[in-house]
Amino acid sequence: MSIILAPSILSANFSCLGEQIAALEQGGADWIHIDVMDGHFVPNLSFGPSILQVVKTHCRLPLDVHLMIANPDSLIPAFIAGGATHITVHFETCPHLYRTLQSIRERECKAGVALNPATPVEDLREVAHLLDLVLVLGNNPGFSGKGWFPEMAAKINRVARLLEQADSAAIIQVDGGMNAQTLPEAYRAGARAFVSGSAIFGHPGGIAEGIRCLRECLITN
Ligand code: DX5
Ligand code: ZN
C-alpha cells in the first residue's frame with residue numbers, strides 16, 4: 001500500500017527544529033507539511049516563508065505548504081521562490097481561485113485546495129482539472145492535536161467520487177486528527193496522503209517510531 005506521509009512541523013519542538021526535521025527524513029517521511037497561519041483566517045499564528053530555508057537546510061524532502069492565510073496570492077511567489085513544491089490554498093481565501101491555481105502551476109509548483117469541514121465538496125467541480133492535491137481538513141483548522149471528526153470519512157468519499165467523475169488524478173490528502181486508529185478509515189474512504197502532527201512528534205517512542213506506526217496501521221487494519 002503506497003501512501004504519502006507528510007508530518008506537520010507545527011507539532012515540532014522548535015528548540016531543536018533542525019534535528020527534528022532530519023529525524024523526519026531519516027524516519028521515512030515523504031513530504032514535510034508546513035502550516036502557515038495568519039491569526040485572521042485561522043485563530044493561530046505560525047510561520048512565514050523564511051521557515052522554508054530552515055527546513056531545506058536539514059532535509060531534501062518535498063515541501064508541502066498549507067496556506068491558512070487571508071490573501072494568499074501576495075505571498076505565494078515568496079513561498080515558491082523559497083522552495084515550496086506543493087502549495088495548498090483555501091476556497092474561502094481566494095476570490096479568484098482559478099487565477100490562483102493557474103499562477104501556482106505556472107511556477108512549476110503542485111497546486112492544492114483545502115476543504116474546511118463546512119466547505120461543500122461540490123465547489124471542487126469547477127477547478128478539478130487544475131488540482132494536484134485536495135486537502136480535506138479532519139477538524140477545524142488552526143491547531144494540532146484536536147482530533148478527527150468521524151463524519152469527514154464520508155466527505156473524503158464524496159471528494160473521491162467527484163474527482164473520479166471529473167477524471168482528475170488529484171491526490172486526496174487528509175490533515176488533522178490522523179493517528180493509527182483514524183488513518184485506515186481515511187484510507188478506506190479514498191485518501192492517499194496523510195498529514196500528521198501530534199501522532200508523530202508526540203509518539204512516546206520518538207519520531208521514527210511515530211512514522212512507522214502510521215505506515216503499519218494500514219497493514220494490521
Ligand atoms: C492545523 C494543521 C494541521 C495540524 C495537524 O489545522 O493544518 O496540519 O498540524 O495536527 P494533528 O495531526 O495533531 O491533528
Ligand atoms: Zn495543514
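Residue-wise HN-Hα couplings along the range 107-123, as the Karplus relation 6.51 cos²θ - 1.76 cosθ + 1.60 with θ = phi - 60° gives them from phi, are 8, 6, 10, 6, 10, x, 10, 9, 10, 5, x, 9, 6, x, 4, 4, 4 Hz; Gly and Pro carry x.
Scanning residues 5 or more positions from Ile34 or on other chains, those with amide H under 5 Å from its amide H are Asp64, Val65, His66, with H placed 1.01 Å from N in the peptide plane. Taking a ≥ b ≥ c as the square roots of the eigenvalues of the Cα gyration tensor, the chain is classed as oblate, since a/c reaches at least 1.5 and a/b does not exceed b/c. Surface composition of the range 20-164: carbon plus sulfur atoms hold 52% of the accessible area, using a 1.4 angstrom probe and ignoring ligands, DNA and RNA. Amide H contacts of Val136 (H built 1.01 Å from N, in plane; Pro and chain starts excluded): Leu115, Gln173, Val174, Asp175 sit under 5 Å, all sequence-distant by 5 or more or on other chains. With a simple spin-label model that places each label point 7 Å from the Cα along the Cα-to-Cβ direction, the separation between Ser2 and Leu45 comes to 4.2 nm. Can you compute the modelled spin-label distance between Asp73 and Asn140, with each label point 7 Å from Cα toward Cβ, in nm? Between Asp73 and Asn140, the label points sit 2.9 nm apart. Electrostatic bookkeeping for Lys155 treats Lys and Arg as +1 and Asp and Glu as -1; over the other residues with beta carbon under 14 Å from its beta carbon, the sum is -2.
Using a 1.4 angstrom probe, figure out how much accessible area the chain has per residue, in square angstrom, rounded to the nearest whole. Kindly include the intermediate steps, with their values, before the conclusion.
On the way: 9650 Å² over 221 residues.
Counting only protein heavy atoms, the per-residue value for the chain is 44 Å².
Taking label points 7 Å from Cα along the Cα-to-Cβ direction, Gln53 and Glu92 give a separation of 3.2 nm.
Report summary: the helix-based calculation at 222 nm, which adds -39500 (n - 2.57) for every DSSP H run with n ≥ 4 and divides by the residues of the chain, gives -9500 deg cm²/dmol.
If r is the Cβ-Cβ distance from Glu122 to Arg99 and R0 is 22 Å, what FRET efficiency results, to the nearest 0.05?
Details: r = 21 Å, r/R0 = 0.93.
The formula returns an efficiency of 0.60 here.
Relative contact order for the range 4-220 using alpha-carbon pairs under 8 Å, separation at least 6, rounded to a whole percent?
Numbers: 426 pairs, mean separation 43.2, N = 217.
Answer for the range 4-220 is 20 percent.
Once the dipole of the chain is set up with Lys and Arg at +1 and Asp and Glu at -1 on Cβ about the Cα centre, which of Leu133, Phe79, Ala29 lies farthest towards its positive end? Of the listed residues, the answer is Ala29.
The values are calculated or read from the model by the stated rules, or taken from the named source; none is laboratory data. If you're wondering where the values come from, they're calculated on a predicted model, not measured in any experiment. As a convention, Cβ positions derive from the backbone with ideal geometry for all residues, glycine included, and neighbour counts pool all protein chains shown. Side chains are part of the model used for accessible areas, which takes the heavy atoms of the whole protein and leaves out ligands, DNA and RNA. Shrake-Rupley method; radii C 1.70, N 1.55, O 1.52, S 1.80 Å.
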